[in-house]
Amino acid sequence: MKLLTSGAQNPAALDDLLSGISFFRELRTVDAKQAEFLATYAKVMAVEPGETVIHYGDSDPNFYFLLRGQLLVYPDDQSLKGEPLSAITPGHVFGALAMICRVDRTATIIADPDGGEVKLVVIDGSAFGDLSDYSRVRRHTKILFYRMVVANTRWKLEVYRMQSPTHVISRDMRKIELFRGTPNSEEELQSLARQAQHMTVLLMRWNTLFMEEQSGSDSSPIHTE
């Protein structure tokens, strides 16, 4: 991957790119200083067609927003000659569940070899620290981020549940908690973290199931990165 710009090198140019990401737009309205702080941990990278962005089994704190192009998701590095599990299109965040739950990467992601230019924002998630550490990233910022990740993941799980409504994993999805307490509280953040952990386990189970059932299924497994 080739570095195009970073918060340290060219904050004005990076700020313009981040304005196209809904999470940063919303964060600016809540706390502009927090948005500026997270931008210092961000870099914009260009990726060549066929180049790997994430390797299965890697461990790192980064998460990503795709700005341009298309990425393909595979079960691991040995499966790149087969059909991809799914595709990632512009505007989507990826790699966030692995960062939140501190698990190794569960898929390999490459730039579409037949696609055009790929541009993405890489953010070093180590800025978030431990869940209840608010010395750098404030609680309201973490809640905003976790809400986004949990909402996106819940939608992915719901799509799959509709395709296989009677499967035991679909039934287990009913056990994911819903927070009904005070918004923007410590309790909400803790609940969102538990939801993310539970969803990560369910997504990994879907991946395992569908890698075992590749015989002619039109369904693509939902994945974490």
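The values are calculated or read from the model by the stated rules, or taken from the named source; none is laboratory data. This structure is a prediction, so every number in the text was calculated from the model and none was measured. Here the Cβ positions follow ideal geometry from the backbone for every residue, glycine too, while neighbour counts run over all protein chains shown.
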Qualifying residue in the stretch 135-143 (condition: basic (Lys, Arg), surrounded by fewer than 15 Cβ atoms within 10 Å (Cβ to Cβ) and either closer than 18 Å to ALA32 by Cα or in contact with a strand residue (DSSP E or B) (Cβ under 9 Å, 6 or more places away or on another chain) (or both)): yes
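Quick grid of which residues meet (1) closer than 27 Å to GLU187 by Cα; (2) out of contact with any Asp or Glu (no Cβ under 6 Å at 6 or more places or on another chain):
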position: LEU72; (1), (2): no, no
position: GLN78; (1), (2): no, yes
position: PRO90; (1), (2): no, yes
position: GLY95; (1), (2): yes, no
position: ARG105; (1), (2): no, no
position: GLY116; (1), (2): no, yes
position: VAL122; (1), (2): no, yes
position: ASP130; (1), (2): yes, yes
Every residue from the stretch 68-83 that is in contact with a strand residue (DSSP E or B) (Cβ under 6 Å, 6 or more places away or on another chain), of a type outside the set (Lys, Arg) and surrounded by fewer than 19 Cβ atoms within 10 Å (Cβ to Cβ): GLN70, ASP76, ASP77, LEU80
VAL93 surrounded by 19 or more Cβ atoms within 10 Å (Cβ to Cβ), in contact with a Gly (Cβ under 7 Å, 6 or more places away or on another chain) and among the aliphatic types (A, V, I, L, M): no
Selection within the stretch 15-53 - among the β-branched types (Val, Ile, Thr), at pLDDT below 95 and in a strand (DSSP E or B): VAL44
Residues located in the stretch 84-113, provided they are out of contact with any strand residue (DSSP E or B) (no Cβ under 6 Å at 6 or more places or on another chain), closer than 20 Å to SER22 by Cα and in a loop (DSSP other than H, G, I, E, B): THR89, GLY91
Unique match (being surrounded by fewer than 16 Cβ atoms within 10 Å (Cβ to Cβ) and either more than 13 Å from the chain's Cα centre (by Cα) or not in a helix (DSSP H, G or I) (or both)) among MET162, MET173: MET162
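Considering only the stretch 138-152, I want to know if a residue exists there that is without any contact (Cβ under 8 Å) to a residue 24 or more places away in the chain and of a type in the set (Phe, Trp, Tyr).
Taking the stretch 138-152 and keeping what is without any contact (Cβ under 8 Å) to a residue 24 or more places away in the chain, we get 151.
Next cut, of a type in the set (Phe, Trp, Tyr) only: none.
Among the residues of the stretch 138-152, not one is without any contact (Cβ under 8 Å) to a residue 24 or more places away in the chain and of a type in the set (Phe, Trp, Tyr), which makes the answer no.
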Residues satisfying the stated conditions in the stretch 28-45, i.e. over 17 Å from the mean Cα position of the chain (by Cα) and either among the basic types (Lys, Arg) or within 10 Å of THR141 (Cα to Cα) (or both): ARG28, VAL30, ASP31, LYS33, GLN34, ALA35
Filtered residues of the stretch 51-80 (kept if in contact with a Leu (Cβ under 8 Å, 6 or more places away or on another chain), under 21 Å from SER126 (Cβ atoms) and of a type in the set (Val, Ile, Thr)): VAL53
